[in-house]
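Heads up: the structure comes next, in structure tokens.
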Amino acid sequence: MGVKTKPAVVSPGTAKRGAAGVGLRERHGELYLIMLPSLALLLLFKYVPYTGIVIAFQDYNIFKGALASEFVGLANFRRVFTNPDFYRILRNTIVINFVKMAFYVPLPVILALLINEVTGSGIKRIVQTVFYLPHFLSWVIVGGIFSSLLSVNGGMVNQLLRAFGRTPIRFMFDNDYFRGVIVFTAMWKEVGWGSIIYLAAIATVDPQMFEAAVMDGASKLRQIWSITLPAIAGTIVIVALLSLGNILRNSFEQVFVMYNPAVYETADIINTYVYRYGVGRLEYSYTTAIGFFNGLVGFLLIVITNGLSRKLIGRSLW
């Protein structure tokens, strides 16, 4: 005699969730289809150019092409590491981008915390717009603005210095000041935009935590230190990691627009040097070797810092 089993009862909520899960799985093909244009662009502009690395191991001739040019092994890399100019541009690149990173990691966080404390919605939107706007200006425009402001003859800054009895400063032509100009203009342009990601992270913090802190008598500074900053610590780490991974590749457009031969000693970085020698002097193999070194070091930096972050604070990119 068979044993009768009681049919399983499925609640309406469970049935709906199951149907939603099936529907989501069925739509995976559509999601992948939407991704195809982005993947195609990534493949075309990021991975296909990697085939050009072979030029770094050749005495490349533009008329013969990469397939027929003479193979010279590591000769171009030996030239790179025996050239004093390489160590100068490497030092400039590290110093400029490390200083920029030292400001760019904390300043957007501070700005986001300040904006978050603005109560009036209208005033808050105006403040955000004012700080976001410089991001949408090209470096050509920003370079023109600051070249005018810092000009020795007629620049607003030097006019103020004259008014206070000080000697005008050649900001754009003096090695002692030009790096400061680079860092300041980068912060002026990008700090507001960088604060957006932190404002989004702050918005996810549970308001009840702040209410409980107020009931316990915590001040605003104490709330920021004990609630807000720990909540957005992961975001801060990710931004710092990305900045560190790109430390040898940043600043090309900014420096290229603003620098001049008078400040090559302290302002010439790897990417501007590669452009001047690669395009200006047709040193394709030599500059490709420098670019290969640049990319390899950047990759190693981001892998190392990602591993350290995962071990020390339990947060990482992957």
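The values are calculated or read from the model by the stated rules, or taken from the named source; none is laboratory data. What you see is a predicted model; the values in this text were computed from it and never measured. Please note: Cβ atoms are built from the backbone with ideal geometry, for glycine as well, and neighbour counts cover all protein chains shown.
Looking at S138, S151, which is the one that is farther than 25 Å from N250 by Cβ and among the small types (G, A, S)?
One residue alone meets the criteria, S151.
Could you please give the count of residues in segment 255-279 that are in contact with a Ser or Thr (Cβ under 7 Å, 6 or more places away or on another chain) and in a helix (DSSP H, G or I)?
6
Keeping to segment 171-184, report how many residues are assigned to a helix (DSSP H, G or I) and more than 19 Å from I110 (Cβ to Cβ).
8
So V140 fits all but one of (1) within 15 Å of the chain's Cα centre (by Cα); (2) of a type outside the set (F, W, Y); (3) farther than 14 Å from A186 by Cβ; what number is the exception?
That leaves (1) as the condition not met.
In this structure, does N250 turn out to be under 27 Å from G194 (Cα atoms), touching a Lys or Arg at 6+ places or on another chain (Cβ under 8 Å) and assigned to a helix (DSSP H, G or I)?
Taking the combined requirement at face value, the residue does not satisfy it.
Any residue that is surrounded by fewer than 17 Cβ atoms within 10 Å (Cβ to Cβ), part of a helix (DSSP H, G or I) and in contact with a Gly (Cβ under 8 Å, 6 or more places away or on another chain) - is there at least one of those in segment 287-299?
Yes, because at least one residue in segment 287-299 is surrounded by fewer than 17 Cβ atoms within 10 Å (Cβ to Cβ), part of a helix (DSSP H, G or I) and in contact with a Gly (Cβ under 8 Å, 6 or more places away or on another chain).
Can you name every residue in segment 39-64 that is exposed (fewer than 12 other Cβ atoms within 10 Å of the Cβ) and among the aromatic types (F, W, Y)?
F45, Y47, Y50, F63
Rundown of residues vs (1) touching a residue at least 12 places away in the same chain (Cβ under 8 Å); (2) within 30 Å of P230 (Cα to Cα); (3) surrounded by fewer than 13 Cβ atoms within 10 Å (Cβ to Cβ), yes/no style:
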position: V157; (1), (2), (3): yes, no, no
position: L161; (1), (2), (3): no, no, no
position: T167; (1), (2), (3): no, no, yes
position: F173; (1), (2), (3): yes, no, no
position: Y177; (1), (2), (3): no, no, no
position: I182; (1), (2), (3): yes, no, no
position: G192; (1), (2), (3): yes, yes, no
position: I196; (1), (2), (3): yes, yes, no
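Test each condition in (1) of a type in the set (D, E, K, R); (2) closer than 25 Å to V95 by Cα; (3) loosely packed, with under 12 Cβ neighbours inside 10 Å for R276 and report the one that comes out false.
The single condition R276 does not satisfy is (3).
In segment 65-83, which residues are at pLDDT 90 or above, exposed (fewer than 14 other Cβ atoms within 10 Å of the Cβ) and part of a helix (DSSP H, G or I)?
Within segment 65-83, R78, F81 qualify.
Evaluate segment 20-31: report whether one residue or more is of a type in the set (G, A, S), surrounded by 10 or more Cβ atoms within 10 Å (Cβ to Cβ) and at pLDDT below 85.
yes
What residue, of A233, A212, A201, A218, is within 26 Å of V118 (Cα to Cα) and surrounded by 17 or more Cβ atoms within 10 Å (Cβ to Cβ)?
A201
Any idea which residue in segment 89-147 is surrounded by the fewest Cβ atoms within 10 Å (Cβ to Cβ), counting only those that are assigned to a helix (DSSP H, G or I) and of a type in the set (S, T, N, Q)?
The selected residue is S121.
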